[in-house]
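Here the structure is laid out as structure tokens; the discussion comes afterwards.
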Amino acid sequence: MGADLIDGKIARYFKSESRTGIYLDPMVDKIIINSIFIYLSYIDIIPVWMAVLNLIREFIVQTIRSIAPVKGVVLKTGSLN
């Protein structure tokens, strides 16, 4: 997430945002976040249902993001700026 801020600022500064980056950046974020949820449930910090609920939510969001380009829509992630 810290790397996200840095690479996002660099890309915007050089006006080098790409369609690939638009798709890959959120996917990598989701992998990291879901890995953390799974690990936290594995070591009993959070209940398993919470990790499962987050995985289901992310699956639904990614499904929508995958369908959007077929419809000709590009969905960008929000900016913290």
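The values are calculated or read from the model by the stated rules, or taken from the named source; none is laboratory data. Since the structure is predicted, the reported quantities are computational estimates derived from the model, not experimental observations. All Cβ positions, even for glycine, are placed from backbone atoms using ideal geometry, and neighbour counts span all protein chains on display.
Assorted remarks:
- Against the criterion of being at negative phi and modelled with pLDDT under 75, residue 63 does not qualify.
- Qualifying residue in the stretch 46-69 (condition: loosely packed, with under 13 Cβ neighbours inside 10 Å, assigned to a loop (DSSP other than H, G, I, E, B) and of a type in the set (A, V, I, L, M)): no
- The stretch 6-45, residues that are polar (S, T, N, Q), assigned to a helix (DSSP H, G or I) and free of Cβ contacts under 8 Å to residues at least 12 places away in the same chain: 20, 35, 41
- Hits in the stretch 24-41 - residues which are modelled with pLDDT of 85 or more and either in contact with a helix residue (DSSP H, G or I) (Cβ under 6 Å, 6 or more places away or on another chain) or of a type outside the set (Phe, Trp, Tyr) (or both): 31, 32, 33, 34, 35, 36, 37, 38, 40, 41
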